[in-house]
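Contents: one structure, followed by commentary.
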Amino acid sequence: MSILPDGRFVDDAPYDPNVDLSAVDRSDMDASNWLLVWRKFRRHRLGLVSGIFLLVAYLAIPFAGFFSPYTPNERSAEYLYHPPQAINLWHENEFIGPFVYPTQAKADLENFRWNYTVDETLPMPLHFFCTGTEYNLFGFVPTKMHLFCAPEGATVFILGSDRLGRDIFSRISYGAQLSLTVGLIGITVSFLLGITLGSVAGYFGGSTDWLVNRAIEILRSLPELPLWLALSAAVPSNWGPVSVFFIISIILGILDWPGLARAVRSKFLSLREEEYVRAAEMMGAKPSRVIRRHLLPNFMSHLIASATLSIPAMILGETALSFLGLGLRAPAVSWGVMLNDAQNLASIEIYPWTAIPMLPIIIVVLAFNFLGDGLRDSLDPYKV
């Protein structure tokens, strides 16, 4: 293959009149639908990168304790509001490897803030694959192994510490376990309700369709945020963090299903008149089989794209409730709980790193939106 001066590509191989010129096109025509979807999705660079990022993020959730140098509620009373520390490699033009400089705290009673001085004459290398505070790997395997630890006599606050001396980087890592999974649980509840009620209403019609539509209209007419607040406030305050987490996830899923149910219903109303549906019914197929084997597969592309756009909405919902103090509460750790600790604007002005938990929320929500755009464009591979 060579390139002409005008930019055209020319095959250098000699012409063979016996070659089947339709062979390449035939292979594309014989390719499965999912293969065509993958080929089109690969060309959507932003969606592909976002999908890889989210896959890595979810796979890393069970290893949050391993990647974190501290546990989420481990306090350092001597290092309150410690600024982010840099991890250096070179000291006085000499390569040492990853290390930090020790710091010393001093209270500024005039301005009511903490000031830290860095001793740049004493590099202290980090410890890797070291023994630290015990945590549960995968949620149930107790271990003390960490990827890296602070050297004795120093700290490693990559993103700084909060008002109680807790490492923000470690808390963000642990907070991802709740903030990212709340969307998965919520979307499961939403899909079960939305697909079931929407498909029944769209396929059977009549009084069933009327009842489902009235339920959808009533739920959609209620203001969303006050309804969140009312349902969250009804959760007993003496419940444990795990129980509150599941209740919040279910509440978010229950409030999200009407939009999906309406979309499923409208699609089924048009698909149920198709000839292949009528043929399946005439051959004796039960309504459940017609819905499961003939109608839902034709609607799967919309469902997948809808899921990728609904999950970030639920993550934002949990963040908003926890930020207002009506969702997850300490000692549970989520990104919303961390932002609840940073409500004081005066402290953010003095210690801006306490607002860093906003960044993973923004990044994850944007990644889900980019992934949804890529899937929405790719799940119809025949559309130009």
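The values are calculated or read from the model by the stated rules, or taken from the named source; none is laboratory data. Bear in mind that the values here come from a model prediction, so they are computed numbers and not experimental data. As a convention, Cβ positions derive from the backbone with ideal geometry for all residues, glycine included, and neighbour counts pool all protein chains shown.
Quick notes
- Any hit, the range 116-139, residues being of a type outside the set (Phe, Trp, Tyr), more than 18 Å from Ile168 (Cβ to Cβ), touching a His at 6+ places or on another chain (Cβ under 6 Å) and assigned to a loop (DSSP other than H, G, I, E, B): yes
- Conditions (1) aromatic (Phe, Trp, Tyr); (2) touching a residue at least 60 places away in the same chain (Cβ under 8 Å); (3) exposed (fewer than 11 other Cβ atoms within 10 Å of the Cβ): number failed by Phe148: (3)
- Only one of Ser161, Ser173 that is within 23 Å of the chain's Cα centre (by Cα) and within 13 Å of Tyr70 (Cα to Cα): Ser173
- Residue within the range 318-334 that is closer than 21 Å to Gly194 by Cα and touching a residue at least 60 places away in the same chain (Cβ under 8 Å) present: yes
- Close pairs from the range 109-137: first touching a residue at least 60 places away in the same chain (Cβ under 8 Å), partner surrounded by 11 or more Cβ atoms within 10 Å (Cβ to Cβ) and in a loop (DSSP other than H, G, I, E, B), Cβ under 7 Å, at least 6 apart: Gly132/Pro69; Thr133/Tyr70; Thr133/Thr71; Thr133/Glu74; Tyr135/Thr71
- Listed by position, the helices (runs of 4 or more DSSP H) enclosed by the range 311-384 that each have at least 1 residues that are surrounded by fewer than 17 Cβ atoms within 10 Å (Cβ to Cβ) and not hydroxyl-bearing (Ser, Thr, Tyr) are 345-350, 358-378.
- Taking (1) over 30 Å from Pro241 (Cβ atoms); (2) among the charged types (D, E, K, R); (3) in contact (Cβ under 8 Å) with a residue 24 or more places away in the chain in turn, Arg293 satisfies each apart from (3).
- Contact annotation: residue pairs with Cβ atoms under 8 Å, 6 or more positions apart or on different chains, pairing a residue in the range 352-378 that is in the same structural domain as Leu316 (by TED's automatic domain parsing) with a partner that is of a type in the set (Lys, Arg) and buried (at least 21 other Cβ atoms within 10 Å of the Cβ), are Pro357/Arg171.
- Candidates Ser221, Ser199, Ser266, filtered to the one that is over 30 Å from Leu359 (Cα atoms), of a type in the set (Gly, Ala, Ser) and without any contact (Cβ under 8 Å) to a residue 12 or more places away in the chain: Ser221
- Restricting the range 50-82 to residues that are surrounded by fewer than 17 Cβ atoms within 10 Å (Cβ to Cβ) and among the charged types (D, E, K, R), the residue that is nearest to Ala330 (Cα to Cα): Arg75
- For the range 125-160, the set of residues classified as of a type in the set (S, T, N, Q) and under 13 Å from Ala86 (Cα atoms) consists of Thr155 only.
- Residue within the range 276-284 that is over 24 Å from Pro226 (Cβ atoms), of a type in the set (Lys, Arg) and in contact (Cβ under 8 Å) with a residue 12 or more places away in the chain present: no
- Only residues that are closer than 19 Å to Arg265 by Cβ and hydrophobic (A, V, I, L, M, F, W, C) were counted in the range 275-313, giving 12.
- Residue check for Arg166: of a type in the set (Lys, Arg), within 19 Å of Val244 (Cβ to Cβ) and within 24 Å of the chain's Cα centre (by Cα): no
- Inclusion of Ser179 among residues that are over 30 Å from Ala105 (Cα atoms), assigned by TED's automatic domain parsing to the domain that holds Ile304 and over 18 Å from the mean Cα position of the chain (by Cα) is not warranted.
Table: residues versus (1) among the hydroxyl-bearing types (Ser, Thr, Tyr); (2) within 20 Å of Tyr351 (Cβ to Cβ).
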| residue | (1), (2) |
| --- | --- |
| Ser76 | yes, yes |
| His91 | no, no |
| Val100 | no, yes |
| Thr103 | yes, yes |
| Pro123 | no, no |
| Gly160 | no, yes |
